[in-house]
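The values are calculated or read from the model by the stated rules, or taken from the named source; none is laboratory data. Treat the numbers as computed from the prediction; the structure is a model and nothing was measured. Every residue, glycine as well, gets a Cβ built from its backbone with ideal geometry; the counts of neighbours run over all protein chains shown. Note: areas computed on protein heavy atoms with side chains; ligands, DNA, RNA excluded. Shrake-Rupley method; radii C 1.70, N 1.55, O 1.52, S 1.80 Å.
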Amino acid sequence: ISMQMEKPEACEPTVNRIAQVVETYGLRQLNPNLAAGFEYQATMYFCLHGKKKEALEHARYYVLCLEELFSSDTIVLHGDDYFDRIEEWFEKTEGGTGALRNRQVVLDEVKSSLDSPAFALLEREDGFKNLKRKLSKIC
């Protein structure tokens, strides 16, 4: 997304397709860190092109991903009813099911993530202000 942000004809279909994959496979719950990265980039893209409604929607999903990511004291990669053997695969990888990054480091990074100048389009929106408040409570 970041490589094609200036080209809506290339970027918007990519955003839409990734959003479908995220939704279809429940990635906000399975890998909220990965999904949050996508939602953040999508928010930036829609802000850049003046699309407030879409930007707010992706910003909302971004905060939801972070709520999921930090809903417990430890970040653990896991499966679900569909991906019912993924923990076995994770255990065989170098990092196992534990998070590859320190929780506090990630928290510190996301604290001010919505303060980016890229989101100036949304600064006066009440919905965005509410998302920033929610984010500050998570962190």
Problem set entry | Cβ pairs under 8 Å, 6+ apart, first in the range 61-87 and charged (D, E, K, R), second modelled with pLDDT under 80 | ASP73/ARG103; ARG85/GLY79; GLU87/LEU77; GLU87/HIS78; GLU87/GLY79; GLU87/THR97
Problem set entry | Residue list for the range 23-43, restricted to those being over 20 Å from PHE119 (Cβ atoms) and free of Cβ contacts under 8 Å to residues at least 12 places away in the same chain | GLU23, THR24, LEU27, LEU34
Exercise. If VAL110 passes every condition in (1) modelled with pLDDT of 95 or more; (2) among the β-branched types (Val, Ile, Thr); (3) farther than 19 Å from ALA19 by Cβ but one, which one does it miss?
Worked result: (1)
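Considering only residues that are within 14 Å of the chain's Cα centre (by Cα) and either farther than 19 Å from LEU135 by Cα or β-branched (Val, Ile, Thr) (or both), look in the range 21-43 and name the one that is most open to solvent (accessible area, probe 1.4 Å). Please lay out each step first, then the result.
So in the range 21-43, the residues within 14 Å of the chain's Cα centre (by Cα) come out as 21-23, 26-43.
Among the residues that remain, those that are also either farther than 19 Å from LEU135 by Cα or β-branched (Val, Ile, Thr) (or both) are: 21-23, 26-27, 30, 43.
Working: VAL21: 72, VAL22: 8, GLU23: 111, GLY26: 18, LEU27: 37, LEU30: 19, THR43: 2 Å².
Out of the qualifying residues, it is GLU23.
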Exercise. Only one residue in GLY127, GLY79 is surrounded by 11 or more Cβ atoms within 10 Å (Cβ to Cβ) and modelled with pLDDT under 80, so which one is that?
Worked result: GLY79
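Table: residues versus (1) outside any helix (DSSP H, G or I); (2) under 21 Å from LYS134 (Cα atoms).
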{"site": "TYR45", "(1), (2)": "no, no"}
{"site": "GLY50", "(1), (2)": "yes, no"}
{"site": "HIS58", "(1), (2)": "no, yes"}
{"site": "TYR62", "(1), (2)": "no, yes"}
{"site": "PHE83", "(1), (2)": "yes, no"}
{"site": "TRP89", "(1), (2)": "no, no"}
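Might you let me know whether the range 57-67 holds any residue that is farther than 18 Å from GLU109 by Cα and not acidic (Asp, Glu)?
Taking the range 57-67 and keeping what is farther than 18 Å from GLU109 by Cα, we get 57-58.
Narrowing further to those that are not acidic (Asp, Glu): 58.
Looking through the range 57-67, at least one residue is farther than 18 Å from GLU109 by Cα and not acidic (Asp, Glu).
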